[in-house]
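Chemist: So that we are looking at the same thing, I have put the structure below in structure tokens.
The values are calculated or read from the model by the stated rules, or taken from the named source; none is laboratory data. Note that the structure is predicted; figures quoted are calculated from it, not measured. In this analysis, Cβ positions are derived from the backbone assuming ideal geometry, glycine residues included, and neighbour counts consider all displayed protein chains. We work out accessible area using only protein heavy atoms, side chains counted, and drop any ligands, DNA or RNA first. Shrake-Rupley method; radii C 1.70, N 1.55, O 1.52, S 1.80 Å.
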Amino acid sequence: MQTIDNYNFAGKKAIVRVDFNVPLDENGKITDDTRIRGALPTLKKILADGGSVIIMSHMGKPKKNPDMKFSLSQIVDAVSERLGVPVKFAPDCMKADEAAANLKSGEALLLENLRFYAEEEGKPRGEFASDEEKAAAKAALKPVQKEFAKHLASYADCYVNDAFGTAHRKHASTAIIADYFDTDNKMLGYLMEKEVKAVDSVMKDIKRPFTAIMGGSKVSTKIGIIENLMDKVDNLILCGGMAFTFAKAQGGKIGNSLVEDDKLDLALEIIAKAKEKGVNLVLGSDCIAGNNFANDTETKVCSDFDIPEGWMGLDAGPDTREDFKKAIKGAKTILWNGPAGVFEFDNFAAGSKVIAEAIAEATAEGAFSLIGGGDSVACINKFGMADKVSYISTGGGALLEAIEGKVLPGVAAITGEK
């Protein structure tokens, strides 16, 4: 497999898939440039070698071509500033032949939002009278999607995928385009390499003990991940809103707490499976309950199994936090996805903070810690501890699918993994 470090970009045009789907305010100004900064090492390597870059990305979920609310023209100045060279702009990603052909060594071109074309995602747009009609429209779009990818590929000599956040999608620019480059002229960018290596560290190159922390509101959204982790972890902490589904499944009274009543049997199956596999399953025993979903609501400490009517569990309780700390202490591999409570409210952030502090402590003692998923990343940033963990993933859905054991199309298109 070709690597970005081994490739000499001198005199070459590289088309680079990045994830510049950055948040913008009402004036079109970037409010968080993390994704742009994440792609800079790859883009700068190409330019430093004497190559030129054609940058492509999506932004948002436009339903038409064009929808200027999602135009990448809004970020050209910011990308130019971060990259250190003036970035040219192609106002239509399918009509950039001349702009790409005229690029000289050391120059950069940003293509307009790929998703202005339905071909990028391969999903037909508009209303359909029936599922059959929609399926037929999707089938008709497939060959057109290949032509779309082929046209993008024609702009460049080589292809670099540095967009881990979209690696779980088999879109034209994230996977199909790779078919139009030979093995020696397609590769992962630095950010993608780091992400893949980080996932491998927690899923394949496991140092024990391995503790995984899965939080969030619903067990249903994490079931595939939980099942895959069961064969790998020593300790599994399940926290956040999903904890109350487990409590109710075991006969607990959970008041007005979040619950998935159709997943009670599943919760019992997970408990039984953990026991069977010798996994230390940490579900917690108490919570901080409130009688309203608000930061300033009245609170009390309750057993997870005896929350009064009208009250709801909003954070892990003191005993549960101690259980979390014990399961994380001494771990050599740690994965965290999902908070332990409504961390957005300061009064219900303590459980998540305890997890973050315990992970930071274990990392300082030599553990490899991977934090992923929007809420967990927001947590670690809120507590000012981003520099105290090993790696923070930029990919939400992509990371979750990788942890679930799925092959990511954007990675497989380069590596050939099946």
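Chemist: For the range 216-241, enumerate the residues that are open to solvent by 50 Å² or more (accessible area, probe 1.4 Å) and within 17 Å of GLY351 (Cβ to Cβ).
Modeler: Listed by number, the list holds a single entry, SER217.
Chemist: Moving on to the next point. Within the range 216-255, track down each residue that is in a loop (DSSP other than H, G, I, E, B) and at positive phi. So that I can check it myself, show each step before the final result.
Modeler: Our first condition is that a residue be in a loop (DSSP other than H, G, I, E, B); within the range 216-255, this holds for 216-222, 230-234, 239, 250-252, 255.
Once the filter is applied, which keeps residues that are in a loop (DSSP other than H, G, I, E, B) and at positive phi, the range 216-255 yields GLY216, GLY251, GLY255.
Chemist: From GLY351, GLY284, GLY313, GLY341, which residue is outside any helix (DSSP H, G or I), under 24 Å from SER393 (Cα atoms) and in contact with a helix residue (DSSP H, G or I) (Cβ under 9 Å, 6 or more places away or on another chain)?
Modeler: Numbers: GLY351 fails: outside any helix (DSSP H, G or I); GLY284 fails: under 24 Å from SER393 (Cα atoms); GLY313 fails: under 24 Å from SER393 (Cα atoms).
Testing whether each residue is outside any helix (DSSP H, G or I), under 24 Å from SER393 (Cα atoms) and in contact with a helix residue (DSSP H, G or I) (Cβ under 9 Å, 6 or more places away or on another chain) leaves just GLY341.
Chemist: If you scan the range 308-319, which residues turn out to be touching a residue at least 60 places away in the same chain (Cβ under 8 Å) and open to solvent by less than 10 Å² (accessible area, probe 1.4 Å)? So that I can check it myself, show each step before the final result.
Modeler: We begin by selecting, within the range 308-319, every residue touching a residue at least 60 places away in the same chain (Cβ under 8 Å); these are 313, 316.
Listed by number, the list holds a single entry, ALA316.
Chemist: LYS222: out of contact with any Cys (no Cβ under 6 Å at 6 or more places or on another chain) and within 16 Å of GLY397 (Cβ to Cβ), yes or no? Walk me through how you get there before you give the answer.
Modeler: Working: out of contact with any Cys (no Cβ under 6 Å at 6 or more places or on another chain): yes; within 16 Å of GLY397 (Cβ to Cβ): yes.
Here the answer is yes, as LYS222 does meet what is asked.
Chemist: While we're on this one: Inspect the range 391-399 for any residue being part of a helix (DSSP H, G or I) and buried (at least 20 other Cβ atoms within 10 Å of the Cβ) and give the result as yes or no. Let's see the steps before the verdict.
Modeler: Going through the range 391-399, the residues part of a helix (DSSP H, G or I) turn out to be 396-399.
Then drop every residue that is not buried (at least 20 other Cβ atoms within 10 Å of the Cβ), which leaves 398-399.
Yes.
Chemist: I'd like to verify a number: residues in the range 372-387 that are surrounded by fewer than 17 Cβ atoms within 10 Å (Cβ to Cβ) and farther than 19 Å from GLY241 by Cβ, how many? Spell out how you get there, then give the answer.
Modeler: Going residue by residue through the range 372-387, those that are surrounded by fewer than 17 Cβ atoms within 10 Å (Cβ to Cβ) are 374, 378, 381, 384, 386-387.
Now restrict to residues that are farther than 19 Å from GLY241 by Cβ: 381, 384, 386-387.
The qualifying residues number 4.
Chemist: So the check is Cβ under 7 Å with 6+ separation or different chains; which pairs have a first residue in the range 130-156 that's under 16 Å from THR174 (Cα atoms) and modelled with pLDDT of 95 or more and a second one that's aromatic (Phe, Trp, Tyr) and surrounded by 15 or more Cβ atoms within 10 Å (Cβ to Cβ)?
Modeler: Going by the 7 Å Cβ cut-off, the qualifying pairs are PHE148/TYR117; ALA149/TYR180; LYS150/TYR180; ALA153/TYR159; ALA153/TYR180; ALA153/PHE181.
Chemist: Do any strands (runs of 3 or more DSSP E) entirely within the range 107-215 hold 1 or more residues that are charged (D, E, K, R) and either open to solvent by 10 Å² or more (accessible area, probe 1.4 Å) or under 30 Å from ALA349 (Cα atoms) (or both), and if so, which?
Modeler: Details: elements: 108-111, 158-161, 186-188, 210-214.
Those strands (runs of 3 or more DSSP E) span 186-188.
Chemist: Then there's this: State whether the residues of the range 274-288 include one that is more than 20 Å from SER352 (Cβ to Cβ), of a type in the set (Val, Ile, Thr), surrounded by fewer than 24 Cβ atoms within 10 Å (Cβ to Cβ) and under 27 Å from the mean Cα position of the chain (by Cα).
Modeler: We begin by selecting, within the range 274-288, every residue more than 20 Å from SER352 (Cβ to Cβ); these are 274-280.
Okay, now just the ones that are also of a type in the set (Val, Ile, Thr), so 279.
Narrowing further to those that are surrounded by fewer than 24 Cβ atoms within 10 Å (Cβ to Cβ): 279.
Keeping just the survivors that are under 27 Å from the mean Cα position of the chain (by Cα) gives 279.
Checked against the condition, which is being more than 20 Å from SER352 (Cβ to Cβ), of a type in the set (Val, Ile, Thr), surrounded by fewer than 24 Cβ atoms within 10 Å (Cβ to Cβ) and under 27 Å from the mean Cα position of the chain (by Cα), the range 274-288 yields at least one hit.
Chemist: Taking VAL259 and the conditions (1) in a loop (DSSP other than H, G, I, E, B); (2) touching a helix residue (DSSP H, G or I) at 6+ places or on another chain (Cβ under 9 Å); (3) within 27 Å of GLU344 (Cβ to Cβ); (4) in contact (Cβ under 8 Å) with a residue 24 or more places away in the chain, which numbered condition does it fall short on, given that it satisfies the others?
Modeler: So VAL259 meets the others, but not (4).
Chemist: Quick check on GLY410: is it under 29 Å from TYR180 (Cα atoms), open to solvent by less than 10 Å² (accessible area, probe 1.4 Å), at pLDDT 90 or above and among the small types (Gly, Ala, Ser)? Show your work before the answer.
Modeler: On the way: under 29 Å from TYR180 (Cα atoms): yes; open to solvent by less than 10 Å² (accessible area, probe 1.4 Å): yes; at pLDDT 90 or above: yes; among the small types (Gly, Ala, Ser): yes.
Yes, satisfied.
Chemist: Just one of the numbered conditions (1) at pLDDT 95 or above; (2) more than 23 Å from ALA327 (Cα to Cα) is not true of SER220; which one?
Modeler: Failed condition: (1).
Chemist: Follow-up question, since we're still on this one. Can you say whether GLY330 is of a type outside the set (Asp, Glu) and either open to solvent by 50 Å² or more (accessible area, probe 1.4 Å) or touching a Pro at 6+ places or on another chain (Cβ under 6 Å) (or both), as far as the supplied structure shows? Spell out the reasoning first.
Modeler: Working: of a type outside the set (Asp, Glu): yes; either open to solvent by 50 Å² or more (accessible area, probe 1.4 Å) or touching a Pro at 6+ places or on another chain (Cβ under 6 Å) (or both): no.
The answer is no for GLY330.
Chemist: Before we move on, is GLU121 more than 14 Å from VAL22 (Cβ to Cβ) and either small (Gly, Ala, Ser) or without any contact (Cβ under 8 Å) to a residue 12 or more places away in the chain (or both)?
Modeler: Values: more than 14 Å from VAL22 (Cβ to Cβ): yes; either small (Gly, Ala, Ser) or without any contact (Cβ under 8 Å) to a residue 12 or more places away in the chain (or both): no.
No, not satisfied.
Chemist: Here's a check for you: in the range 400-418, which residue that is hydrophobic (A, V, I, L, M, F, W, C) and in a loop (DSSP other than H, G, I, E, B) is farthest from the chain's Cα centre (by Cα)?
Modeler: Of the range 400-418, the ones hydrophobic (A, V, I, L, M, F, W, C) are 400, 402-403, 407-408, 411-414.
When the remaining residues are screened for being in a loop (DSSP other than H, G, I, E, B), the result is 407-408.
Numbers: VAL407: 15, LEU408: 12 Å.
Taking the candidates together, the pick is VAL407.
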